[in-house]
Amino acid sequence: MSRLRFKLEAKASGSKARAGRFHALHGEVKTPIFMPVGTQATVKAQTVESLKETGSRVLLANTYHLLLRPGPEVFKKLGGIHRFMNWDGPVLTDSGGFQIFSLPHSRLMTEDGAHFKSYVDGKSYLLSPELSIGMQKAIGSDIMMVLDQCIPSTADHAQATAAMELTHRWALRSLEARGDSPQALFGIVQGACFHDLRQKSAEVLTKLPFDGFAIGGLAVGEGREQRDEFTGFAADLLPENLPRYLMGVGTPIDILEAVHRGVDMFDCILPSALAQRGVAFTTHGKMQLRRSVYKFSEEALDLDCTCICCRQYTRAYLHHLVKTQEILGWQLLATHNLTFYHRLMSEMRESILADQFLDYYHSRKAPLMRSDEDNPVTQQKKTKAKSERWAKLGDYEVHTSLKGFSSIRQISSSEIMHSVSDPAEESHRLYVEQSQLGEALAETKGAPLVIWDVGLGAASNAMAAVKCFEQALPAGARALKIVSFECDLDPLKLASKHPVKFPHLRHPAPYALLEAGRWQHASGLLEWELKGEFFAEMSGAGVPDLVFYDPFSFKVDSALWTPEAFARLFEICRGRPTKLFTYSASTAVRAALLHAGFFVGKGVMTGPKADTTVAYAEAPKGVGSLLGAEWLLRWSRSQAKIPPGFAVAQDIEKVSDFERRIQGHPQFRGC
């Protein structure tokens with residue numbers, strides 16, 4: 001039987017919205033409910049008394065931060081968080097999984113848990129399911145959360161599967177660690193934005209004796225429509241007789257949409273965090289009190305609100321406090337925002353109980369999405385120009401396709417990196433999957449595997465390799481060294497300013513590479529080094545096992561696509577089982593590789609290209625998809641028979657020698 005004794009009181013007609021109640025160790029809770037975030041045993045800019053005045057009933061605290069400071073000994077000595085912070089209502093503690101995901105420094109995820117260094121004193125920790133639950137027991141929260149592995153919601157299927165399965169194993173360990181404690185424990189459904197994984201996660205976890213379930217892994221990269229879709233999908237998979245909690249969400253409109261889809265519990269830092277920046281949620285829309293339009297306004301912030309901020313202070317005074325960065329301004333706006341959130345939850349609950357939620361939903365949806373109606377912002381040319389400058393750097397700009405993914409475009413040439421397919425998906429398919437990097441890393445013995453990343457660009461190929469390594473690491477991985485060659489770092493610098501548009505850059509590695517020219521994984525088994533111009537640096541970079549050959553187009557980086565370039569590369573790789581992968585399938589590029597001495601075959605399809613190119617420094621064991629007689633015949637008739645820049649009309653002998661070397665290549669014997 002659930003420790004919370006959850007009771008479903010009403011379900012709305014025409015909606016999946018529900019009203020319920022449960023009994024925590026420190027009192028009854030009515031749902032739907034919003035929980036202010038008191039990360040370090042305090043909600044920022046609020047006292048316990050002001051929280052109660054806003055209508056707060058349940059607070060959220062964070063295990064990761066409280067583990068580091070003040071530590072479990074303090075809670076054990078003082079009798080838990082309720083006595084420690086003088087709060088007599090229920091408390092939910094997060095497990096620390098999201099904070100580990102958000103760490104700006106390196107952390108290592110293994111089967112045992114998350115290895116990291118404390119930002120307080122540099123001490124090393126292993127946050128395991130057992131330590132997380134043990135710390136939550138010491139805190140004395142009413143509801144504990146299992147430790148989970150949080151990843152971006154935009155992760156690929158393989159990464160999402162691995163994280164989900166690890167979360168399931170940790171869930172079992174968390175349950176065992178909870179033992180006979182009277183504290184409730186929630187499981188967390190993961191699976192990123194994949195329906196099959198969400199369904200599998202729910203099937204596994206709902207068979208276990210949890211007291212409620214959370215929907216994790218959303219609001220970490222996906223768009224609003226996708227978040228709404230997977231919130232509803234996951235909620236439908238959860239038991240009706242237990243509370244449902246959507247973690248880390250969100251804005252008032254996000255909460256309205258999630259209640260409509262059957263969610264009961266919410267938390268988010270936004271009411272307080274945005275208040276610090278002068279933002280208030282009101283019936284007039286979302287208002288920015290920093291704007292000078294409020295400098296002389298004697299009106300109350302929101303005439304429909306009865307909080308102390310709206311009863312006693314003018315917009316002019318709030319504007320002054322925000323502009324002067326006075327703490328009182330933060331406190332008053334946070335008090336108002338929390339009151340607004342709790343009133344929204346109360347109105348939704350009342351409408352569900354009265355079976356009028358659907359009407360309420362439609363009437364409130366538009367107002368919750370609007371900005372300030374009293375003083376609308378007029379888009380000015382100056383603001384637009386600033387926005388455009390932010391999306392540009394040097395000769396590059398951010399380009400967002402009609403499919404929704406973003407790439408880097410060179411302004412002078414109009415060329416776009418990864419113009420047709422999502423950069424992360426293309427990098428995984430073309431370079432990581434095709435090179436069988438995961439299988440190579442599983443062979444833990446031997447010298448470090450070396451990848452040459454020729455054409456760093458926005459680092460999508462290198463980060464695909466980093467991701468593959470981190471997925472392989474829990475089971476044991478071979479050491480890996482990535483050497484990236486790039487003489488123009490503006491594409492990566494620009495993309496790194498927009499991690500929302502470039503999800504593969506939500507990782508400390510590329511930022512360390514830009515700052516120091518190298519990055520090392522916390523395990524010590526992965527090193528990523530940045531070198532400059534390819535021809536100047538290649539001779540001192542060792543010998544690669546894999547070459548991800550991804551310079552910009554011939555139009556932009558013509559020198560890297562010539563027979564001379566491939567000949568120099570072949571000399572370094574001669575006699576080694578080096579494999580080269582490139583997106584180009586042009587006859588000229590394949591001819592240049594063959595002329596250099598490589599064995600050349602067809603690579604996988606990507607985007608609109610029927611195939612790409614794979615080259616081998618030594619003859620592969622099987623002919624596989626090596627080019628054969630059919631290609632040789634097409635080449636002999638092609639106008640691109642001789643690569644541009646190589647043939648000189650007057651040098652007939654040079655052209656003839658090129659042709660003889662192609663025709664006499666060992667891979668065409670017998671053709």
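Throughout, read-outs are computed from the coordinates displayed, never taken from laboratory work. Everything numeric in this text was worked out from a predicted model, so none of it was measured. No Cβ is skipped: glycine too gets one built from the backbone with ideal geometry, and neighbour counts run over all protein chains shown.
Quick one: Cα centre-to-centre distance for region 118-153 and region 224-292, in angstrom?
Here the two parts' Cα centres lie 24 Å apart.
Cβ under 14 Å from Arg290's Cβ, Arg290 left aside: what net charge do those residues give with Lys, Arg +1 and Asp, Glu -1?
+4
Checking the cross-link filter: which lysines have an alpha carbon closer than 24 Å to that of Lys16, excluding same-chain neighbours under 8 positions apart?
Lys7, Lys30, Lys200, Lys207, Lys365
So which helices of the chain fit the span-like rule, where a helix is a whole DSSP H run, its Cα atoms reach 24 Å or more along the axis, and its mean Kyte-Doolittle is at least -1.0?
Once both thresholds are applied, what remains is 157-178, 327-353.
Taking a point 7 angstrom from the Cα of His195 along the C-beta vector, which residues in region 10-32 have backbone N less than 13 Å away?
No residue qualifies, since no backbone N sits under 13 Å from the label point.
Which distance in Å, rounded to a whole number, links the C-alpha centroids of region 33-82 and region 341-380?
Using only Cα atoms, the two centres lie 29 Å from each other.
Given the pairs Lys392/Lys579; Lys286/Lys501; Lys403/Lys497; Lys286/Lys493; Lys117/Lys392, which span a C-alpha to C-alpha distance of over 28 angstrom in this model?
Over 28 Å Cα-Cα: Lys392/Lys579; Lys286/Lys493; Lys117/Lys392.
So how much slack lies between Val420 and Ser638, counting 0.36 nm per residue of separation and subtracting their Cα-Cα distance, in nm?
Extra length from Val420 to Ser638 when fully extended: 75.9 nm.
Grab the alpha carbons of the chain, take their convex hull, and tell me the volume per residue in Å³.
179 Å³
Using +1 at the C-beta of Lys and Arg and -1 at the C-beta of Asp and Glu, which of Pro90, Ala591, Val263 has the Cα lying farthest in the positive direction of the dipole of the chain?
Pro90
To the nearest 20 Debye, how big is the dipole of the chain about its Cα centre, given +1 on the beta carbon of each Lys and Arg and -1 on that of each Asp and Glu?
420 debye
If you average the sequence gap of Cα pairs under 8 Å that are 6 or more apart and divide by the length of region 40-91, what percent do you get for the contact order?
Reported as a whole number, the value is 48 percent.
Where does each of Ile133, Ile572, Ile652 land when they are ranked from fewest to most other beta-carbon atoms within 10 angstrom?
Ile652, Ile572, Ile133
About the Cα centre of region 173-295, how large is the charge dipole given +1 on each Lys and Arg Cβ and -1 on each Asp and Glu Cβ? Please answer in debye to the nearest 20.
Result for region 173-295 is approximately 760 debye, rounded to the nearest 20.
Once you list every other residue whose beta carbon is under 14 Å from the beta carbon of Gly250, what net charge do they have if Lys and Arg are +1 and Asp and Glu are -1?
Computed value for this residue: -2.
What value, in deg cm²/dmol to 500, does the helix sum -39500 (n - 2.57) over DSSP H runs of n ≥ 4 give at 222 nm once divided by the residues of the chain?
One gets -11000 deg cm²/dmol as the mean residue ellipticity at 222 nm.
What percent antiparallel are the DSSP beta bridges of the chain, to the nearest 5?
Just about 50 percent of them are antiparallel.
Treating only the Cβ of Lys, Arg, Asp and Glu as charged (+1, +1, -1, -1), what charge dipole size does region 398-668 show about its Cα centre? Round to the nearest 20 debye.
420 debye
Work from the charge dipole of the chain (Cβ charges, +1 for Lys and Arg, -1 for Asp and Glu, about the Cα centre) and give the residue of Ile33, Leu480, Ala567 farthest towards its positive end.
Ile33
If the cut-off is 19 Å between C-alpha atoms, which lysines fall inside it for Lys137, apart from same-chain ones fewer than 8 positions away?
Lys76, Lys77
Could you give me the ³J(HN,Hα) list for region 81-93, computed from phi with Karplus coefficients 6.51, -1.76, 1.60 and θ = phi - 60°, whole Hz, x at Gly and Pro?
5, 5, 6, 4, 9, 6, 10, 9, x, x, 10, 10, 10
For the chain, can you list the cysteines whose C-beta has no other cysteine C-beta under 4.7 Å from it?
Singleton cysteines: Cys150, Cys193, Cys268, Cys307, Cys309, Cys468, Cys487, Cys573, Cys671.
Between region 157-181 and region 385-464, what is the separation of their alpha carbon centroids in Å?
Between the Cα centre of region 157-181 and that of region 385-464, the gap is 32 Å.
If you look at just the Cα atoms of region 270-375, how large are its Rg and its Dmax in Å?
14.3, 46
Please report the net charge: other residues with Cβ closer than 10 Å to the Cβ of Asn375, K and R +1, D and E -1.
-1
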